[in-house]
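See structure below.
The values are calculated or read from the model by the stated rules, or taken from the named source; none is laboratory data. The structure presented is a predicted model; accordingly, all values stated were derived computationally and were not measured. Here the Cβ is made from the backbone with ideal geometry for all residues, glycine too, and neighbour counts use every protein chain on show. For accessibility, only protein heavy atoms count, side chains too; no ligands or nucleic acids. Shrake-Rupley method; radii C 1.70, N 1.55, O 1.52, S 1.80 Å.
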Amino acid sequence: MRIYKALAPVKALSFDLDDTLYANTAVIAKAEVAMQQQLAQLLPVSFHNNTVYWFEQRKILATEDAEVRHDVSRWRLLALQRGLTAQGMRPAQATEIAELAMSAFLQARTDIQLAPHVRPLLQQLAERFPLVAITNGNADIEKMGIADLFQFSLRAGPDGRMKPYPDMFLTAAERLALPAQHILHIGDHVKSDVLGALSAGCQAAWLNLTPDTTAKLKTLPHVELHQLDDLATFG
């Protein structure tokens, strides 16, 4: 652990989810496959159904409406609908199939595995601090089986613009009835988590699992963690 700035008293902890509490790359890859498999069962064989095609549909939507990026579930769903109607499917049928494919994606997306030490650590911290989750993704702590560890969870889209915009951090402070400066946010992403937390007036702990990347920091967090267990010393 490395401390860059003096910490104000910490009265609550907020956590990023993806790639902070669990490795997320393989989870998303599995969810993409589940979505495509569902589509393959429902679509005519002549329809395009591959990762590149659906990614291109999302890119097109984002160029038309940049705000759609703030809700990744809605963005993906609309891209599915667009991709299906672009291939000649009637809108009502496209909506139905897109929703089924999105359901398959989300089910696989919430099948995460915490490392053995993570739950005990969070339980230990929850005895001393309110814990909240703040995510840009579509992680669902209820379906992931970790909701008991948190006071609440905030997700970009329904709960505000994605990090590093300050919306969700400020909402967390309001719901916790705490000044933002007494919330320490923990996350792996320098821009989304560190810059986002600091912009909202929160304190920031950067989870850096590859310490040789420290030189790339443009905005200093209060604390740099090299493993989540470093948090056991807080409080």
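Summing +1 for each Lys or Arg and -1 for each Asp or Glu, what net charge is found among the other residues whose Cβ lies under 13 Å from the Cβ of Gly145?
Net charge in that neighbourhood comes out at -2.
Derived from the Cα gyration tensor, the three semi-axes of the equivalent ellipsoid of segment 45-196 are 34, 18, 12 Å, largest first. For segment 136-235, the relative contact order works out to 19 percent when only alpha carbon pairs closer than 8 Å and six or more residues apart are counted. For the chain, the carbon plus sulfur part of the accessible surface works out to 53%, probe radius 1.4 Å. To the nearest ten degrees, helix 51-64 and the longest principal axis of the Cα atoms of the chain are 80 degrees apart.
Summing charges over neighbours of Ala204, with a neighbour being any other residue whose Cβ is under 10 Å away from its Cβ, gives -1 when K and R count +1 and D and E count -1.
Looking at segment 53-162, the accessible area is 48 square angstrom per residue; that uses a 1.4 Å probe and ignores ligands, DNA and RNA. The angle separating the long axis of helix 91-109 from the principal Cα axis of greatest extent in the chain is about 40 degrees. For the chain, what's the relative contact order in percent, using C-alpha pairs closer than 8 Å and at least 6 residues apart? Relative contact order of the chain: 27 percent. Computed from the Cα positions only, the extents of segment 68-130 along the three principal axes stand at 55, 22, 14 Å, in decreasing order. Helices in the chain, meaning DSSP H runs of at least 4 residues, each add -39500 (n - 2.57). Divided by all residues, the mean residue ellipticity at 222 nm is -12000 deg cm²/dmol. Using the Karplus relation 6.51 cos²θ - 1.76 cosθ + 1.60 with θ = phi - 60°, the per-residue 3J(HN,Hα) values for segment 26-36 come to 5, 4, 5, 4, 5, 5, 4, 5, 4, 5, 5 Hz, with x marking Gly and Pro. In this structure, the pairs whose alpha-carbon distance is over 21 Å, taken from Lys11/Lys143; Lys5/Lys191; Lys11/Lys191; Lys191/Lys218; Lys5/Lys218; Lys30/Lys143, are Lys11/Lys143; Lys11/Lys191.
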